[in-house]
1. Long-range amide H contacts for Ser102: which residues qualify at under 5 Å (H placed 1.01 Å from N, peptide plane, sequence gap of 5 or more or a different chain)?
2. Loop-only trypsin sites (Lys or Arg not before Pro) in segment 74-123, please: DSSP not H, G, I, E or B, and at most 11 other Cβ atoms within 10 Å.
3. Need the full-extension length gain, Asp50 to Ala16, defined as separation in residues times 0.36 nm minus the C-alpha distance. One decimal, nm.
4. Within a Cβ distance under 14 Å of Leu89, other residues only, what is the Lys/Arg minus Asp/Glu net charge?
5. DSSP loop (so not H, G, I, E, B), at most 11 other Cβ within 10 Å: list which GluC sites (Glu not before Pro) in segment 42-136 pass both filters.
6. Over segment 37-150, what percent of the accessible surface lies on carbon and sulfur atoms, probe 1.4 Å?
7. Could you tell me the distance between the Cα centroids of segment 97-150 and segment 1-27, to the nearest Å?
8. Lys and Arg at +1, Asp and Glu at -1: add these up for the other residues within a Cβ distance under 12 Å of Leu148 and post the number.
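The values are calculated or read from the model by the stated rules, or taken from the named source; none is laboratory data. Predicted, not measured: the structure shown is a model, and the values here were computed from it. With ideal geometry, Cβ positions are generated from the backbone for all residues, glycine too; neighbour counts draw on all protein chains shown. For the accessible areas, the whole protein counts, side chains as well, though only heavy atoms, and no ligand, DNA or RNA atoms are used. Shrake-Rupley method; radii C 1.70, N 1.55, O 1.52, S 1.80 Å.
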Amino acid sequence: RRDDLTGPEIATLLRAHVAAMRPYSPPESMHALDRENLRRPDISFGTAWDDRDLPGCGAWREIDIRHVELKSMRAAATPRRRGVAAFILQHLLVEAINRGYSRSGLETGVPAAFEPAQRLYANFGFECSHPFVDHRPDPHSVFKTKGLAV
């Protein structure tokens, strides 16, 4: 569901997300957004709930009227392998299509810890691309893009 980023569960999940990125990304390569940065007007944030449990979240940032960037995709550490990340990614992409966007991009890490995310994005048809918008080439990052059927 679309979410306003309030509530302790969301704060906890986002803190865990940012903390999990730190060991793999030096500060200049850190692209994970904290709760305050996800409140920007160009960002749409959503959460996936299972009763009262928060298994994941994700967002996208509008780059321009046709292009969005996926941001802060996170599945909770436990339990994993339930398809939460795929569910969130599918929802974000459908929502972007419904709003008329025709392209989605993302940045993810290069280290082995990011291999599950890279597989997920490849399964959804994302392909390697050049950095976009305010991103720069970075040895700690890989950039991917996908056309969205409108």
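1. Residues meeting the amide H criterion: His67.
2. Working: sites: Arg74, Arg80, Arg81, Arg82, Arg99, Arg103, Arg119; in loops: Arg80, Arg81, Arg82, Arg99.
For trypsin sites (Lys or Arg not before Pro) across segment 74-123 that sit outside H, G, I, E and B with at most 11 neighbouring Cβ atoms in 10 Å, the list reads Arg81.
3. Values: separation 34, 0.36 × 34 = 12.24 nm, distance 1.86 nm.
Contour length minus the Cα-Cα distance gives 10.4 nm.
4. Numbers: positive: Lys71, Arg74, Arg82, Arg119, Lys144, Lys146; negative: Glu69, Glu95.
Net charge in that neighbourhood comes out at +4.
5. Details: sites: Glu62, Glu69, Glu95, Glu107, Glu127; in loops: none.
Answer by residue number: there is no such site.
6. On the way: 3150 of 6180 Å².
With neighbouring chains kept in place, the figure for segment 37-150 is 51 percent.
7. Value for the Cα centre distance between the two parts: 19 Å.
8. Values: positive: Arg66, Arg99, Arg103, Lys146; negative: Glu95.
In short, +3.
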